[in-house]
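My questions will all concern the structure given below.
All of the numbers you see were taken from the coordinates with simple rules; none came from a lab. Small disclaimer: the values here were computed from a predicted structure and weren't measured. Ideal geometry is used to build each Cβ from the backbone, glycine not excepted, and the neighbour counts take in all protein chains shown.
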Amino acid sequence: MQKIQNIMIHIKHNSFVRFFFVPFFYIKQYILVLQYHFSDDSRYVQTLRNKHEGKRCFIIGNGPSLTADDLDCLKGEITFGSNRIYKMYAKTAWRPTYYLCTDPYVGVEIESKIRELKGSIKFQANGRRKKDDHVCGIHHLVVAPWYSGVKPERYVQKRFTTEIHRYISRTHSVTCTAIEMAVYMGFKKIYLLGIDHTFAVEIQKDGTKVFHAGIKNHFEGGESSLKAIESAMINIEASTQCYQVCQDYALAHGIKIYNCTRGGKLEVFERKALEDVIGERGV
């Protein structure tokens, strides 16, 4: 399985191979989207439309600034967690209301863990669907078809998807998918926490890689494997653009998104201190 994954990563970063197979991959993706529209998963997602109309939620990132104490403060709140957030579970009784995994490479690595997670409504995108996923409480999402010939890490998001029962946007961050889901569910105030927006390896505009010594991608104990980090190189400008797309949509539709992360480099959203937000509870 690891050998196959390595081959897929090579194809992902090979311009010639990707260009040659663009029509095939696009047709396959389009068929998956059509099939999804008539699936039980899509019908389930539709039941969530405006389920939390007018309420607030917290979207938790796995950045190095995140602490168990932060999560303890969110008892009683509606929250979204993702990927390896379960590595924090031993330190807190908190569990996310909704759990997401949208990166197929991360999904392969932690597949067994996702199936074991309890206490959350779980969503997985572009994963290897199994017949008994529903028994494990996993609902599937499908990503919008992508036919561009540019490398995936240089992809620039331009639209915000509002019909996630059809497909979610192709984006650089699971946080942006969580924002789309939160908007779909009717939340009017969305708070981000642990979204440091700093990465050990970044891709610059000219395609060069920059390695930041001493920078961690995740909270203490939540690090990815080295191979996962190598396969998920971040174009910081393209990633920031994804957040800007979310902010532009929110501002145009009366939705407030605040960044409660301590430090970090994400300045697209207005900053608020987590302590102040928690103090507003019930106000």
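Can you list residues from other chains, or at least 5 along the same chain, whose modelled amide H is less than 5 Å from the amide H of Tyr258?
Under 5 Å from the amide H of Tyr258 lie the amide H atoms of Ile190, Tyr191, Leu192, each far enough along the sequence or on another chain.
Let me ask another. Can you give the extra length, in nm with one decimal, that the chain gains between His253 and Lys265 once fully stretched, where that is 0.36 nm per residue apart less the Cα-Cα distance?
Working: separation 12, 0.36 × 12 = 4.32 nm, distance 2.52 nm.
The span from His253 to Lys265 would gain 1.8 nm if fully extended.
Still on this structure, I have one more. With the cut-off at 20 Å, report for the stretch 43-102 the share of all Cα pairs above it, as a whole percent.
On the way: 492 of 1770 pairs.
Percentage above 20 Å: 28.
Using θ = phi - 60° and the Karplus curve 6.51 cos²θ - 1.76 cosθ + 1.60, what whole-Hz ³J(HN,Hα) does each residue of the stretch 33-50 get, with Gly and Pro shown as x?
For the stretch 33-50, the Karplus curve yields 5, 5, 5, 4, 4, 9, 8, 5, 4, 4, 5, 5, 4, 4, 5, 8, 4, 6 Hz.
Okay, next question. Given the stretch 29-147, what whole percent of its Cα pairs are spread farther than 23 Å?
Details: 2455 of 7021 pairs.
So the portion of pairs separated by more than 23 Å is 35 percent.
Between Tyr44 and Val135, what is the label-to-label distance in nm when each label sits 7 Å out along the Cα-to-Cβ direction?
Distance between the two pseudo-spin positions: 1.4 nm.
Given Lys188/Lys265; Lys28/Lys189; Lys118/Lys265; Lys75/Lys256; Lys51/Lys75; Lys75/Lys188, which pairs have Cα atoms separated by over 28 Å? Working shown, then result.
On the way: Lys188/Lys265 24 Å; Lys28/Lys189 37 Å; Lys118/Lys265 32 Å; Lys75/Lys256 21 Å; Lys51/Lys75 20 Å; Lys75/Lys188 19 Å.
Correct reply: Lys28/Lys189; Lys118/Lys265.
Testing the spin-label approximation: label points 7 Å from Cα along Cα→Cβ at Thr162 and Lys189. State their distance in nm.
Result: 2.3 nm between the two label points.
Tell me, what HN-Hα J-couplings in whole Hz come from the Karplus equation 6.51 cos²θ - 1.76 cosθ + 1.60 at θ = phi - 60° for each residue of the stretch 104-109, using x for Gly and Pro?
Taking θ as phi minus 60°, the curve returns x, 6, 5, x, 5, 5 Hz for the stretch 104-109.
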